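Worksheet: one structure, shown below.
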Protein chains: 2
Amino acid sequence: MRKIFILIILIISSCTSQKQTKGKSTFGIVIHGGAGTILKKNMTDEMEKMYLRQLEEAVQIGFQIIKNDGNGREAVEKTINYLENSPLFNAGKGSVLTSEGTVELDASFMEGKSLNAGAVAGVKNIKNPISAAIKVMTSSPHVMLSGNGADTFAKDQGLEMVDQSYFITERRSKSLERAKKIDEDNNTSFYSKNELVNYRIGTVGCVVLDKNGNLFSGTSTGGMTNKKWGRIGDVPIIGAGTYANNLTCAVSATGWGEFFIRNVVGHDISALMEYKGMSVQDASRQVLDKVAKLGGDGGVIAIDKNGNIAMEMNTSGMYRAHIDANGKLTAKIYK
Amino acid sequence: MRKIFILIILIISSCTSQKQTKGKSTFGIVIHGGAGTILKKNMTDEMEKMYLRQLEEAVQIGFQIIKNDGNGREAVEKTINYLENSPLFNAGKGSVLTSEGTVELDASFMEGKSLNAGAVAGVKNIKNPISAAIKVMTSSPHVMLSGNGADTFAKDQGLEMVDQSYFITERRSKSLERAKKIDEDNNTSFYSKNELVNYRIGTVGCVVLDKNGNLFSGTSTGGMTNKKWGRIGDVPIIGAGTYANNLTCAVSATGWGEFFIRNVVGHDISALMEYKGMSVQDASRQVLDKVAKLGGDGGVIAIDKNGNIAMEMNTSGMYRAHIDANGKLTAKIYK
């Protein structure tokens, strides 16, 4: 009888210890490369493959870092650096052009443990804006820097600076020409809803839960084709495009930025989880419904403190990928 | 018996109708002129009187508008215009100077019914930045414009433009000299906590509940003395320095902007009310406690959909005033 009792104790203790180990080492990474009108009929097989391959390569970079006990901050930075360096996505190289034919880049980063954050808006010569956002967080007393001042700060911090020509691709130059033609035809200096929908695809983002149980989020973008007047979207706004809080989740958004600012999307998802006990997926869906109700669209990726994820959108597609703690990779384009 | 019954019905119906009328016409306005280390021992009687008189004059402007069935948007705009035009406060004329001796102004505005919003960041020649923030909301497809582009937009919209010299006062020039001296003495290009506390007093804000039951919020500032690198604080960030939602409340914040961004102060107060049923005062206190926990300080003003207000701070003072639906005016400086 006593032996059986000890055996039961041993089994229970073993189960508990396994559970703790499993709980402790839960980790994961989710990325996006923008949400919008992405239809299979408009996509060649070759392009589809190229997008999926780059999404897979990007998400593997961050995954390898956290798998090997690395820091979530580095995982987000290196993953987004890859996407910024790819001309496919609307961030870093390959960013969309402003009405003046230049690029103005936005990025932000947040850590869930400290609620520390950094952001840059409207920068013109920083090769990797997400790295500049992290530098703002770690090496300045500020959260958000903008314009030429932010470029100067990044240069002083030793970040790689490039000429505007580095960012500009033929594809984006043609998009700007098309956008300007539509403006002329419609005799308007604003955008039609159609333009807004099509000219802002490709923002990139990454959320990570690392093995220490810490959450991280980063987002980077070139914004909207033909943008004017120093327009700033949701991407560099902490609480809108980017938010992380160890009590709840890490979120990165992509879509019609104005609606994501007005809905304070990142923080609202977190608040619904913290204050109403919602799951990360239900909260993400509910907040995207609010965005849709006001007339906006887009998508979010999120990961909670237990490794549960959300990859939600109210558009026809979102470039996205995820690797869970078991190494299982998912990469998708359409809804 | 029948007559008594009819009499009772009439009395009940009259009470209900009075109650409804009262409920419908509840309105109110709260303003602030910045929170920080404001101590009676450092204030002359004359200065105290001047601040109180200007707060009273400002809050009366908005109050008269909503009392006469005017729109809350106009009440917020005209009230903040008065504070921007006064050299006493750190907004518009009398704003603090950047490290280059220039002014860079931020402002934002939000309406609780539509969740529409507008903001400008780092503008240099707009006489009244809050009016530009409203124009961004009403006359552009965007929420946030920045830098020279935002100035161009405001000029195109016919807003009054002024030379930088209009904004600059002797008092703020001396503050910049002192700040630069401290930087030199400490051999640092950053700020000490002491500087940050003292060099950012005077942001102005206004929240209104108008007779239609709609909530409005606006905030305007020159930011932080000796600021560099195009620093953007919480003021032009929808969800941080400014937020309004007819479901809950309108909030305007003032304080150490970086902490207010990281805590998404405006939206968090609203979320605690919407999702946890907290009162506007309890929610304001709880969120300021979170700011303090991270090491920041400041204050908020808020008004809810029933006219209840909060004027909370974790600093020694906040310039503030309030008029309720009965016309009762309160103006205070110290905690």
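Couple of notes before you dig in:
- Net charge over other residues, Cβ less than 14 angstrom from the Cβ of A:Tyr275 (K, R count +1; D, E count -1): -3
- In summary, the lysines within cross-link reach of B:Lys78, defined as a Cα separation below 18 angstrom excluding same-chain residues under 8 places away, comprise B:Lys67, B:Lys93, B:Lys127, B:Lys135, B:Lys211.
- Net charge of the neighbourhood of A:Gly62, taken over other residues with C-beta under 12 Å away and scored Lys/Arg +1, Asp/Glu -1, is -2.
- Solvent exposure ordering (accessible area, 1.4 Å, most first) of A:Leu105, A:Leu39: A:Leu39, A:Leu105
- Complex-versus-alone comparison for the stretch A:232-247, residues with a loss of 20 Å² or more in accessible area, probe 1.4 Å: A:Ile232, A:Ile237, A:Ile238
- In terms of Cα atoms, the Rg and Dmax of the stretch B:32-95 work out to 13.2, 42 Å.
- A:Asp297 - accessible surface, heavy atoms, 1.4 Å probe, Å² rounded to 10: 30
- Think of a 1.4 Å ball rolled over the protein heavy atoms: chain B then has 39 Å² of accessible area per residue.
- Helical runs (DSSP H, four residues minimum) scored at -39500 (n - 2.57) apiece and divided by the length of chain A put the mean residue ellipticity at 222 nm at -13500 deg cm²/dmol.
- Unit charges on C-beta of K, R, D, E only; dipole of the stretch B:25-334, Debye: 300
- Positive-end residue of A:Ala121, A:Thr26, A:Gly230, charge dipole of chain A with Cβ unit charges: A:Thr26
- Kirkwood-based Rg to Rh ratio, the protein assembly as shown, C-alpha trace: 1.01
- DSSP-assigned coil residues among GluC sites (Glu not before Pro) in the stretch A:79-117, each with at most 14 further Cβ atoms within 10 Å: A:Glu100
- Dipole-positive endmost among A:Val207, A:Met144, A:Gln164 within the stretch A:73-217 (Cβ charges, Cα centre): A:Val207
- Across the stretch B:25-334, Cα pairs under 8 Å and at least six residues apart give a relative contact order of 27 percent.
- Interchain or long-range residues, amide H under 5 Å from B:Ile126's placed H: B:Val162
- Cα→Cβ-extended label distance, 7 Å offset, between A:Asp185 and A:Thr169, nm: 2.4
- Accessible surface buried upon B-A contact (total; probe 1.4 Å; Å², nearest 100): 3600
- Overall, the protein assembly as shown carries a charge dipole of about 1820 debye about its Cα centre when +1 sits on the Cβ of Lys and Arg and -1 on the Cβ of Asp and Glu, all other atoms neutral.
- Candidates A:Asn308, A:Asn125, A:Asn42, ranked by Gaussian network fluctuation over chain A, Cα under 10 Å, top entry: A:Asn42
- Annotation: Cα Rg of the stretch B:25-334 relative to the compact-globule expectation 2.2 N^0.38 Å equals 0.91.
- For the segment B:266-276, counting C-beta atoms of other chains within 10 Å of every residue's C-beta and taking the mean gives 5.
The values are calculated or read from the model by the stated rules, or taken from the named source; none is laboratory data. Owing to the predicted nature of the structure, the values given are computational and were not obtained by experimental measurement. Counting neighbours? That spans all protein chains shown, and the Cβs are built from the backbone with ideal geometry, glycine included. Surface areas here come from the heavy atoms of the whole protein model, side chains and all, with no ligands, DNA or RNA. Shrake-Rupley method; radii C 1.70, N 1.55, O 1.52, S 1.80 Å.
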